[in-house]
Amino acid sequence: MSALQEFSAIKSDDDLYAFLKRYALVEDLNAEKPASIGRGVLGVYVGQIEGHAVQVTHRWRDPSGPFQNEPDIHKAILQMAGVGYKEVEYEG
């Protein structure tokens, strides 16, 4: 199974953190993490997979409106140089 296929199967933060650990991706502490009310960046991770530079951005957003209580939505975005781009979204 390719890294893109593995990434596509992520359904939770635990799955995402296991993926990051499996490929030894580390948090980019210098990455900009913009945030606003109801959304933001939880982390940016970098490294190499199969000889390709990769970046994973972990974001969240709150879909709730006034007087609503809905779970946050987490999105992880994998950018793999020369190979492709993949997004997954799940309840946080």
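Read-outs: derived from the displayed coordinates by stated rules, not from any lab. Here the structure is a predicted model, which is why all the values come from computation and not from measurement. Please note: Cβ atoms are built from the backbone with ideal geometry, for glycine as well, and neighbour counts cover all protein chains shown.
Miscellaneous remarks
- Helix-only mean residue ellipticity at 222 nm for the chain, each DSSP H run of n ≥ 4 adding -39500 (n - 2.57), per residue, nearest 500: -4500 deg cm²/dmol
- All other residues whose Cβ lies under 15 angstrom from that of G84 are scored, Lys and Arg at +1 and Asp and Glu at -1, for a net of -2.
- Highest-fluctuation residue, D62, D28, D14 considered, GNM on the chain with Cα pairs under 10 Å: D14
- Applying both filters, DSSP loop and at most 10 other Cβ atoms within 10 Å, to the trypsin sites (Lys or Arg not before Pro) of the range 54-92 eliminates every site.
- Counting only alpha carbon atoms, the long axis of helix 13-22 and the longest principal axis of the chain meet at about 20°.
- Local net charge near P63, Cβ-Cβ under 9 Å (Lys/Arg +1, Asp/Glu -1): -2
- In this label model, Q48 and S36 are separated by 3.7 nm, measuring between points 7 Å along each Cα→Cβ vector.
- The chymotrypsin sites (Phe, Trp or Tyr not before Pro) found in the range 52-85 that occupy coil by DSSP, while having at most 13 further C-beta atoms within 10 Å, are F67.
- Each of L25, L78 has some number of other Cβ atoms within 10 Å of its Cβ, and from fewest to most they run L25, L78.
- Potential lengthening of the chain between E87 and R22 amounts to 21.6 nm, from the contour at 0.36 nm per residue minus the alpha-carbon distance.
- Surrounding net charge for G43, when Lys and Arg each add one and Asp and Glu each subtract one, Cβ distance under 10 Å: 0
- Viscosity 1.567 mPa s, 4 °C: Kirkwood-radius Stokes-Einstein D of the range 3-91 over Cα pairs, µm²/s: 95 µm²/s
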